[in-house]
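Following: one structure in structure tokens, then a few remarks.
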Amino acid sequence: MSADQTITAVAAPALPRRRFRLPLAGIIGAGVVGFWVVIAIIGPYIVPHDVGALVDDDLFGRMRWALPLGSDYLGRDVLSRIIIGARYSIGVAAAATFLAVFMGGTLGMLAAVSRGAVDMALSRFFDALISIPSKMSALVVIAALGSSIPVLVGTVAVIYTPGAFRIWRALAVNVNALDFVEVARARGEGTGYLIREEILPNIAGPVLTDFGLRFVFAMLLLSGLSFLGLGVQPPNADWGSLVRENINGLADGALAVVMPAVAIASVTIGVNLVIDNLPGRWSSTGEH
Amino acid sequence: MAPLVKVENLRVTARDERGRLSVIVKDVSFEVQPGEVVALIGESGSGKTTIALSLMGYARSGARIAGGKITFDGRDVLSLSKRELSSLRGRNITYVPQSAAASFNPARPLLKQVIESSQIHKMMPQAEAKTEAVALFRELVLPDPEHVGERYPHQVSGGQLQRLLAAMALVTDPKLIIFDEPTTALDVTTQIEVLRVFKKAIKERGTTAVYVSHDLAVVAQMADRIIVLRDGIIREVDATGRILSEPKNDYTKSLIAAAEPHTRATAPGAIQTKAAPPVLEVKSVVAGYGATDRDGVPVLPVLRDVGLSIKAGTTLGVIGESGCGKSTLARVIAGLLPAARGEVLLDGAPLPRRASQRTRDQLRRIQILFQMADTAVNPSRTVGRILGRPLEFYHGLGGDQCRRRVAELLDMVRLPAMMAERYPGELSGGQKQRVNLARALAAKPSLILCDEITSALDTVVGAAILDLLAELQREVGVAYLFISHDLSTVKAVCDEVMILYAGQMMEHGSRRALGQRPLHPYSDLLISSVPELRQGWLDGISENVLKEASVGVARPGRGEACSFFERCAVRVPGRCDVEPTPLRSLTKGAKIRCQRTEEELIDLSAR
Amino acid sequence: MSMVVVRLVLSRIAIAILTLGFVSVAVFVGTEILPGDVAEAILGQGATPEAVAGLRAALHLDQPAHIRYFLWLGGLLSGDPGRSLVNNLPVAELIASRLPNSLMLAAVTAVVCVPIALTLGILSAVWRGSLFDRAANFLTTSIVAVPEFLIATLAVIVFAVRLRWFPALSYAAGIISLDQFFRLFALPVFTLSCVLTAWMMRMTRAAMIDTLRSSYVEMAVLKGARPMRVVLTHALPNTIGPIANAVALSLSYLLGGAIIVEIVFNYPGLARLLVDAVSTRDMPLVQACVMIFCSAYLYLLMLADIAGILSNPRLRHR
């Protein structure tokens, strides 16, 4: 089965069921990601300054008690802008990933269980889609439709659907080939039951891992677009936009450029730490 | 004389994937005298391969030699440096692994790999090593010894690869050869020729050998002395003859009991039901993979014109080697692989070819059990839910009724009722196979298709499952189609036996008829190839039977000519490979598919 | 080489061409769903209806979509992808002025990365579990998980601002000396190389470890082969296919990565041309640039596939 090279482990049998314990690195990763998710949710209630307010007379002002991360190129509070930026950076990426995984996952399992012509048609279609580099697809759609949050969510979701389809299909094909699915099929069970009861519970682990990886890709793509000025548009700003608007502070090493970039890195590395430290049977290696 | 190998209090530990440490070899001590063949015998997890590898100072990843002392030829193996170990391996101690196909580097020609150790250790110039290797190929009865070395591993058959591995081990003329289950991956008719060649090579050279195996009958042919292992502990050590005739340890006794054939089939009952109509009939089924041509024959035919019938409450055994189509037969009957031609009748009524077109009651009456107990149960559902589903699906049971019935089913397969709350991951292989059996019984079927259900289990566990099958047949009167590659298992449980070769039925008759001559030439080869649990069996086999056995390969062709032609010792060229093979009824009551008449076969086997 | 291999390779090439056709349709449809009228967009709000109609005819906008697609495809294939909507220059000319710069950047990066990544990847597989392996693993994971512009900005801060070794911005035109060449390319190449090396190294390591776990490698050890020999004669020949595959796949990253790098360093390459075209909605230019990038990407994927086929001993020696 050459199409299934992406799979490293599926539903390892005969292992006693035990709760797994996440190693320290994984706990740190989970902590960082959890922290940012909380910030994204409660952001508006805890910001020290209004995101648009000019609070500093200096541009790229230095850090001090009132402005813990200094000020940006217009003299706005960097900390407040990062806190609010979390909503866009994490929210848009999460929404797009969720959509992509929902569409790709459902179709992937359907293809695996139906086999034959349905599988063939879906696989060919997504193979062709995946052969357009993700940044190119994004640029084409944004060139045509302009950039708004719904367009970004939709575009990134469509971009990552073929990848999700591939992984889910490959995982489901592996489980589908196992004898207990054959037994259920010989019993006369329908497609819905096979997907719901026999396949889904046994690919849940790797599939969650895949969700995490895809979220990282989506976040990197979105922040890259924002950095190019083609992502989240002013007056809203995600972390990528913050780096872009403050790029002139680069020569001075201003925190206004560095901190948003560090925030992105902390989330993506955090997710990776969690994924790398999951037990083997959860793993699935995604493609870039 | 000083022993060649002396192992004292060997202790090997291993870490599993969760990082937990366990001791897999516990305080093992033994000696191997020069010129002696010592067998390490045990089931999976007994530590036999681990011990054998540690003689070379080698532990697989995750394992560690934690203590003890190994002396080889006066040298302390465990205190050698890496460089010294390398100079020992492949030169003084060589290794013949189980899987020949995986042990050859696919990217290099065979000869290069066979002579590699002699080149690593700079023992002889390359040209000399090549001559040496060709001589070995000839000795090991490899076809075309001059040129076989130029081929690549995937171009050579499994039996030949195994012999090439032996050549690789012999080329440096080592002091000790370790054979690690060298014939386990082979079919029984291929195994016998390889065993004979190995034995001859060992005897002629007087080589010292350690022979690792799980198969007592094979070991009985090869070893002078047997070490019985279980859970990393030595249970018994004795000369081969004494182990076989008067085992002292209980575990050894159970091993021997499980290996000895004893009949469980419902012989008397079966005769009474003889008049009863068959529960299942299969008529001239053709099945395979790929698109079908105009005659309805698939591109890759697996079953060619196979027919059978099973009477209610009896067992039909289907036996054949890997690739003969026996599992495909089960899948065709279950409707998982629709037949291209022919029909399947249940109680005289034809069944739709696809499972999805069959009625729920038709589906209920035929249940299927698979070889891999591990993969046949959904690992994320409890046993109770696994057994409850067919009850709900076929019988509409729910709630308390369902729970009570689950407990009854568990009791029928001799599992405690509290198993219902467990997940499959917490069960052993044998327990999982019992759960599978219970799930099949939950449907109240009239026929259960058993596809190699004991092959993946250890002998003792498998024997218990066979006992259970026989008991259940007496209790509920279910019929079995029992598929296996193992003749003794089939003989033990079946009333009737069908022998399949490359998709063709070769012989079909009662169990008793299988013990009477004349036999179909393939049946003859198959029966005489099964190792018997007595010393000297291997040396006593007639050359005639084996003459062609290991040379040809099975190829399911498209025509109706005999597929055994290439390997048959009594073939008639120009007839067997051209004309359709007729089905003949023998006076012993069996049917065979052969060009030779009964008289001819009697004559030929007398010679 | 056997017929089977030839047939497989030809089928890969055919698949690549078919896919490219699909991509061209997707790009065309994607850029033609633009709301509003291109002619009006070009001429602005105050244009007379006659002028708009004239331009529409000139741009074939009055034709049905499939005719326009074939006109466009024909133009692309004959080397005339039309004129820019923004400055009315021929698209071919704009691209010709930028393409060599991009190719140069990619080539220099590849030359730097491939040897480093392969060596490190193989070493870290051979010494898996060692301190070196774990450190390399942590480093590559972090680099891969971080946006390219973070690496680019860090590189600027460290090498250009703090150390003042290199200029922060680069211009490929008018290079005089080798020294200058090196200074101009250093930071863009460094940034791209970081990410590319990380990807390539991870994939090489995975491919190598796969091979090192096989039974024939264990067999070689048990024949007394020393580690060097095990890796060179037993593992490497079986890893060439997967490694070539990894190299081609990683190189395809250069296409996307170049976008960010060219922007950060103000490098006059094709990717910056594309981003500018997207910002100004200069559709003919967007279409042409995207098609170039997609063709390069598909070409690399095809090479990866073919490398896999050619290095498979089961196919080579039948």
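The values are calculated or read from the model by the stated rules, or taken from the named source; none is laboratory data. None of these values were measured; they are calculated from a predicted model. Positions of Cβ are backbone-derived with ideal geometry, glycine not excepted, and every protein chain shown enters the neighbour counts. We work out accessible area using only protein heavy atoms, side chains counted, and drop any ligands, DNA or RNA first. Shrake-Rupley method; radii C 1.70, N 1.55, O 1.52, S 1.80 Å.
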> Out of the range C:267-283, which residues are within 11 Å of chain A (Cβ to nearest Cβ) and open to solvent by 10 Å² or more (accessible area, probe 1.4 Å)?
Replying inline: C:R272, C:D276, C:S279, C:T280, C:R281, C:M283
>> So if I check each of B:Q113, B:Q160, which one is in a helix (DSSP H, G or I) and within 24 Å of the chain's Cα centre (by Cα)?
In response: B:Q160
> Within the range B:373-388, is even one residue in the same structural domain as B:D305 (by TED's automatic domain parsing) and in contact with a strand residue (DSSP E or B) (Cβ under 7 Å, 6 or more places away or on another chain)?
Replying inline: no
> Does the range B:353-364 include one or more residues that are under 32 Å from the mean Cα position of the chain (by Cα) and under 15 Å from B:K283 (Cα atoms)?
Replying inline: yes
>> With the condition being farther than 30 Å from B:I592 by Cα, I'd like the helices (runs of 4 or more DSSP H) fully within the range B:405-499 carrying at least 3 qualifying residues.
In response: B:429-442, B:459-476
> So which of B:P143, B:P153, B:P182 ends up being over 29 Å from C:L310 (Cβ atoms), modelled with pLDDT under 90, buried (at least 20 other Cβ atoms within 10 Å of the Cβ) and not charged (D, E, K, R)?
Replying inline: B:P182
>> Every residue in the range C:145-167 that is facing chain A (nearest Cβ under 7 Å) and at pLDDT below 75, please.
In response: C:V161
> Taking the range A:178-201 on its own, how many of its residues are touching a residue at least 60 places away in the same chain (Cβ under 8 Å) and under 19 Å from B:D451 (Cα atoms)?
Replying inline: 1
> Which numbered condition trips up C:G224, out of (1) within 10 Å of another protein chain (Cβ to nearest Cβ); (2) touching a residue at least 40 places away in the same chain (Cβ under 8 Å); (3) at positive phi?
Replying inline: (2)
> What single numbered condition from (1) closer than 30 Å to B:T240 by Cα; (2) at pLDDT below 85; (3) among the polar types (S, T, N, Q) fails to hold for B:S563?
Replying inline: (1)
> Which residues, taken from the range C:284-299, are open to solvent by less than 30 Å² (accessible area, probe 1.4 Å) and among the hydrophobic types (A, V, I, L, M, F, W, C)?
Replying inline: C:L285, C:V286, C:A288, C:C289, C:V290, C:M291, C:F293, C:C294, C:L298
> Which fully enclosed helices (runs of 4 or more DSSP H) of the range A:124-203 have 1 or more residues being touching an Asp or Glu at 6+ places or on another chain (Cβ under 7 Å)?
Replying inline: A:149-176, A:179-187
> For the range B:370-386, what are the residues that are within 7 Å of chain A (Cβ to nearest Cβ) and crowded, with 21+ Cβ neighbours inside 10 Å?
Replying inline: B:F370, B:D374, B:T375, B:A376, B:V377, B:N378, B:P379
> Across the range A:200-212, what is the number of residues that are open to solvent by 30 Å² or more (accessible area, probe 1.4 Å) and touching a Leu at 6+ places or on another chain (Cβ under 9 Å)?
Replying inline: 1
> Out of all the residues in the range B:114-124, which are more than 8 Å from chain C (Cβ to nearest Cβ) and either in contact (Cβ under 8 Å) with a residue 60 or more places away in the chain or open to solvent by less than 10 Å² (accessible area, probe 1.4 Å) (or both)?
Replying inline: B:V114, B:I115, B:S118
>> The conditions are (1) hydrophobic (A, V, I, L, M, F, W, C); (2) modelled with pLDDT under 90; (3) surrounded by fewer than 21 Cβ atoms within 10 Å (Cβ to Cβ), and A:M103 fails exactly one of them. Which is it?
In response: (2)
> Does any residue of the range C:243-266 turn out to be within 25 Å of A:S223 (Cβ to Cβ), out of contact with any helix residue (DSSP H, G or I) (no Cβ under 6 Å at 6 or more places or on another chain) and more than 8 Å from every other protein chain (Cβ to nearest Cβ)?
Replying inline: yes
>> So if I check each of A:A138, A:A93, A:A143, A:A128, which one is within 14 Å of chain C (Cβ to nearest Cβ), buried (at least 19 other Cβ atoms within 10 Å of the Cβ) and at pLDDT below 80?
In response: A:A143
>> Based on this model, can you work out whether B:K444 counts as more than 30 Å from B:S380 (Cβ to Cβ), in the same structural domain as B:R331 (by TED's automatic domain parsing), among the basic types (K, R) and open to solvent by 20 Å² or more (accessible area, probe 1.4 Å)?
In response: no
> How many residues, within the range B:86-103, are of a type in the set (A, V, I, L, M, F, W, C), more than 8 Å from chain C (Cβ to nearest Cβ) and either assigned to a helix (DSSP H, G or I) or under 26 Å from the mean Cα position of the chain (by Cα) (or both)?
Replying inline: 3
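Conditions (1) surrounded by fewer than 24 Cβ atoms within 10 Å (Cβ to Cβ); (2) polar (S, T, N, Q); (3) at the interface with chain C (Cβ under 8 Å from one of its Cβ atoms), marked per residue:
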| residue | (1), (2), (3) |
| --- | --- |
| A:R214 | no, no, no |
| A:A218 | no, no, no |
| A:S223 | no, yes, yes |
| A:G229 | yes, no, yes |
| A:Q233 | yes, yes, no |
| A:D238 | no, no, no |
| A:S241 | no, yes, no |
| A:G249 | yes, no, no |
> Could you count how many residues in the range C:23-55 are more than 10 Å from every other protein chain (Cβ to nearest Cβ), at pLDDT 70 or above and out of contact with any Leu (no Cβ under 9 Å at 6 or more places or on another chain)?
Replying inline: 5
> Restricting to the range C:108-164, what's the tally of residues that are within 26 Å of C:I259 (Cα to Cα) and of a type in the set (D, E, K, R)?
Replying inline: 3
> Just for the range C:206-231: of the residues that are modelled with pLDDT under 90 and among the basic types (K, R), which one is surrounded by the fewest Cβ atoms within 10 Å (Cβ to Cβ)?
Replying inline: C:R213
>> I'd like to verify a number: residues in the range B:388-419 that are small (G, A, S), touching a residue at least 12 places away in the same chain (Cβ under 8 Å) and open to solvent by 20 Å² or more (accessible area, probe 1.4 Å), how many?
In response: 1
> What is the residue count in the range B:1-42 for residues that are touching a His at 6+ places or on another chain (Cβ under 9 Å) and either of a type in the set (A, V, I, L, M, F, W, C) or modelled with pLDDT of 95 or more (or both)?
Replying inline: 1
> Taking A:L171, is it touching a residue at least 40 places away in the same chain (Cβ under 8 Å) and within 13 Å of chain B (Cβ to nearest Cβ)?
Replying inline: no
